[in-house]
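Asks: Take this structure, written in structure tokens, and hold onto it; I'll ask about it next.
The values are calculated or read from the model by the stated rules, or taken from the named source; none is laboratory data. Here the structure is a predicted model, which means the values were calculated and not measured. Quick reminder, even Gly has a Cβ in these numbers, built from the backbone with ideal geometry, and neighbours come from all protein chains shown. We work out accessible area using only protein heavy atoms, side chains counted, and drop any ligands, DNA or RNA first. Shrake-Rupley method; radii C 1.70, N 1.55, O 1.52, S 1.80 Å.
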Amino acid sequence: APSPTTAVPYMSVKCIDVRKNHHKTKWLMPWGSNHCEKLKDFDEAVSRQIEANDIVFAVHIPLPSKEMSPWFQFMLFIMQLDIAFKMDNDLKENAEITLDVSLAYRDDMFDDWEEIAHAIEIRKLKCTFGSPKTLESEGRHYDCDFLPFMEIGSVAHKYYLINIRLPVNERKGINVGIGEIKDIRLVGIHQNGGFTKVWFAMKTFLTPSILIIMVWYWRRITLMTRAPVLLEKVIFALGISMTFINIPVEWFSIGFDWTWMLLFGDIRQGIFYAMLLSFWIIFCGEHMMDQNERNRLAGYWKQVGPIAVGSFCLFIFDMCERGVQLKNPFYSIWTTEVGTELAMAFIIVAGICLCLYFLFLCFMVFQVFRNISGKQSSLPAMSKARRLHYEGLIFRFKFLMLITLACAAMTVIFFIVSQVTEGHWKWGDITIQVNSAFFTGIYGMWNLYVFALMFLYAPSHKNYGEDQSNGDLGVNSGEELQLTTTITHVDGPTEVYKLARKEAQQ
């Protein structure tokens, strides 16, 4: 697949708005048949006695002779200001810029523009000046951080228009002391259409495969005379959460203007993360031989409780950002000091907690391996058939535990990297290039892992007679022989589970 996203730079065009009443909606086009009257620079505005309030920065999306597509899925815009140094108009410390922004759309080059959103936003300027502030340095530009500008959760229309005003009111101190703004640049980031098609194809293919294995798995469990054990219920719940994230509802975003799809995607992924992390804890716990609290969800509240609380906090944080953007696409939690610190704290704490969780999981897996190895010491005393039987079980179980650890490590890395990738446009500095193979690979890994779990942990219904002959091994005994992890007993879904259960009871 092509890279997941594309970044397109846009340079705004300075238009003259000669109307006296700025509250009426009038859209100024930067180019085309009905383009606005343009200014080359602000020196021309001064010479023509055009006030700052009569200048509108216009940006048409996309560039000329191109059009947007619903396959792009979302649009994220960041802003960069070109601010020149002047002795008599210096940039104050902690300066704030007030933006009067409007967004409109149309689907034909000759239609009228329809307004999507209008807002008055304040952004904090974070700029540095490398040279000494002397007369010789006049005209040099400040080095300013990117500013979060806008995010839309769907690209349902072909053409978009952004009009930005910088209203000046000296009495109220609006846009005073922000330096000499020369230009406004925007960078538009959207998902690649080719990547979207590959992503949709994966979801469409994987949904029925997981659904079929889920139905088969639960049918095998319901055929048992006993009630399902906790591990079987949790594996089934993991299958449900995987199916929820798989269902390709994104196909509807091609035909409908559903701006909430980004938020819905975050919620789906959050539910799956919470379920996966909880499953790993219960999965290791149920196979630890020194644990008496078996087959009860209440026995895991200390481990599962923090996961639930953390997931809820991340949900609240997401609602504060993307939830508000459903009403106002220009809103960003990163625009205020408190919001930035809160957002950074959320991401850092979530990253630290995930790393600690992974270390705890490694410790639990180590305990399980140690206990299983202890049990292996009694294997030589067994008959050949039973020894081969348990050696096969233990080898497969250890392999599954190692795959679980690898899956957990990749999931933790994916979560942290995706947060940094999404955030670096908003808070500068760190840039990580993530290619499509990483996204599709992790997604495929989750599906394969859930599929394998349900396949390996489905109860077996094979019946072995008491006087079964195992001629190929030269053994004639009444011992069961099945080199698989799917032998089911009254105590639980696997032989390893039964072994662990007996040990715990002893």
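Asks: Which condition number does Leu91 fail, the rest of (1) touching a residue at least 60 places away in the same chain (Cβ under 8 Å); (2) open to solvent by 60 Å² or more (accessible area, probe 1.4 Å); (3) not basic (Lys, Arg) being met?
Replies: Of everything listed in (1) touching a residue at least 60 places away in the same chain (Cβ under 8 Å); (2) open to solvent by 60 Å² or more (accessible area, probe 1.4 Å); (3) not basic (Lys, Arg), Leu91 misses just condition (2).
Asks: Condition first: of a type in the set (Phe, Trp, Tyr) and assigned to a helix (DSSP H, G or I). Now tell me which residues in segment 25-49 satisfy that.
Replies: From segment 25-49, those of a type in the set (Phe, Trp, Tyr) are 27, 31, 42; that's our starting set.
Of everything in segment 25-49, just one residue is of a type in the set (Phe, Trp, Tyr) and assigned to a helix (DSSP H, G or I), namely Phe42.
Asks: I'd like to know if segment 249-266 contains one or more residues that are farther than 30 Å from Arg106 by Cβ, assigned by the TED database to the domain that holds Leu400 and either surrounded by fewer than 19 Cβ atoms within 10 Å (Cβ to Cβ) or not aromatic (Phe, Trp, Tyr) (or both).
Replies: Taking segment 249-266 as the starting set, the residues that turn out to be farther than 30 Å from Arg106 by Cβ are none.
No, because not a single residue in segment 249-266 is farther than 30 Å from Arg106 by Cβ, assigned by the TED database to the domain that holds Leu400 and either surrounded by fewer than 19 Cβ atoms within 10 Å (Cβ to Cβ) or not aromatic (Phe, Trp, Tyr) (or both).
Asks: What about Phe397, is it part of a helix (DSSP H, G or I) and in contact (Cβ under 8 Å) with a residue 60 or more places away in the chain? Step through it out loud before you land on a result.
Replies: Numbers: part of a helix (DSSP H, G or I): yes; in contact (Cβ under 8 Å) with a residue 60 or more places away in the chain: yes.
Yes.
Asks: Considering only segment 332-352, state which residues are surrounded by 15 or more Cβ atoms within 10 Å (Cβ to Cβ) and within 30 Å of Gly285 (Cα to Cα).
Replies: Correct list: Phe346, Ile347, Ala350, Gly351.
Asks: Still on this structure, I have one more. Would you confirm whether or not segment 345-357 contains a residue that is part of a loop (DSSP other than H, G, I, E, B), touching a residue at least 12 places away in the same chain (Cβ under 8 Å) and in the same structural domain as Tyr273 (by the TED database)?
Replies: Step one: list which residues in segment 345-357 are part of a loop (DSSP other than H, G, I, E, B), which gives none.
No, that holds for no residue.
Asks: Okay, next question. Tell me yes or no: at least one residue of segment 382-404 is exposed (fewer than 15 other Cβ atoms within 10 Å of the Cβ), in the same structural domain as Ala308 (by the TED database), at pLDDT 80 or above and out of contact with any strand residue (DSSP E or B) (no Cβ under 9 Å at 6 or more places or on another chain).
Replies: Yes: segment 382-404 contains one or more residues that are exposed (fewer than 15 other Cβ atoms within 10 Å of the Cβ), in the same structural domain as Ala308 (by the TED database), at pLDDT 80 or above and out of contact with any strand residue (DSSP E or B) (no Cβ under 9 Å at 6 or more places or on another chain).
Asks: Which of (1) open to solvent by 50 Å² or more (accessible area, probe 1.4 Å); (2) in contact with a Pro (Cβ under 9 Å, 6 or more places away or on another chain) is the odd one out, the single condition Gln269 does not satisfy?
Replies: (2)
Asks: Counting residues that are modelled with pLDDT of 85 or more and open to solvent by 20 Å² or more (accessible area, probe 1.4 Å), which strands (runs of 3 or more DSSP E) fully inside segment 123-239 reach at least 1? Quick ask: steps written out before the conclusion?
Replies: Working: elements: 147-152, 159-165, 180-191.
In segment 123-239, the matching strands (runs of 3 or more DSSP E) lie at 159-165, 180-191.
Asks: Now for a different question. Take the conditions farther than 25 Å from Gln73 by Cα, touching a residue at least 40 places away in the same chain (Cβ under 8 Å) and in the same structural domain as Ile97 (by the TED database) and apply them to Ile221. Does it pass?
Replies: Values: farther than 25 Å from Gln73 by Cα: yes; touching a residue at least 40 places away in the same chain (Cβ under 8 Å): yes; in the same structural domain as Ile97 (by the TED database): no.
No; evaluated as a whole, the condition is false for this residue.
Asks: Kindly establish whether Glu232 is in contact with a Leu (Cβ under 8 Å, 6 or more places away or on another chain), farther than 19 Å from Ala308 by Cα and of a type in the set (D, E, K, R). Reasoning before the result, please.
Replies: Numbers: in contact with a Leu (Cβ under 8 Å, 6 or more places away or on another chain): no; farther than 19 Å from Ala308 by Cα: yes; of a type in the set (D, E, K, R): yes.
Spelling it out, it is not the case that Glu232 is in contact with a Leu (Cβ under 8 Å, 6 or more places away or on another chain), farther than 19 Å from Ala308 by Cα and of a type in the set (D, E, K, R).
Asks: Considering only segment 361-374, how many residues are touching a residue at least 60 places away in the same chain (Cβ under 8 Å) and either of a type in the set (Ser, Thr, Tyr) or under 17 Å from Phe279 (Cβ atoms) (or both)?
Replies: So the answer is 4.
Asks: Tell me whether segment 2-12 contains one or more residues that are open to solvent by 70 Å² or more (accessible area, probe 1.4 Å), at pLDDT below 85 and not in a strand (DSSP E or B).
Replies: Taking segment 2-12 as the starting set, the residues that turn out to be open to solvent by 70 Å² or more (accessible area, probe 1.4 Å) are 9, 11.
Those still in the list that are at pLDDT below 85 too: none.
No, segment 2-12 has no match at all.
Asks: Now, a different point. Among the listed residues Leu99, Leu81, identify the single one that is crowded, with 16+ Cβ neighbours inside 10 Å and touching a Cys at 6+ places or on another chain (Cβ under 9 Å).
Replies: On the way: Leu99 fails: touching a Cys at 6+ places or on another chain (Cβ under 9 Å).
Criteria check complete, one pass: Leu81.
Asks: May I pose another question? Does at least one position in segment 31-50 carry a residue that is in contact with a Phe, Trp or Tyr (Cβ under 7 Å, 6 or more places away or on another chain) and either surrounded by 18 or more Cβ atoms within 10 Å (Cβ to Cβ) or in the same structural domain as Glu138 (by the TED database) (or both)? Reasoning before the result, please.
Replies: Start the filter on segment 31-50 by keeping residues that are in contact with a Phe, Trp or Tyr (Cβ under 7 Å, 6 or more places away or on another chain), which leaves none.
Within segment 31-50, not a single residue is in contact with a Phe, Trp or Tyr (Cβ under 7 Å, 6 or more places away or on another chain) and either surrounded by 18 or more Cβ atoms within 10 Å (Cβ to Cβ) or in the same structural domain as Glu138 (by the TED database) (or both).
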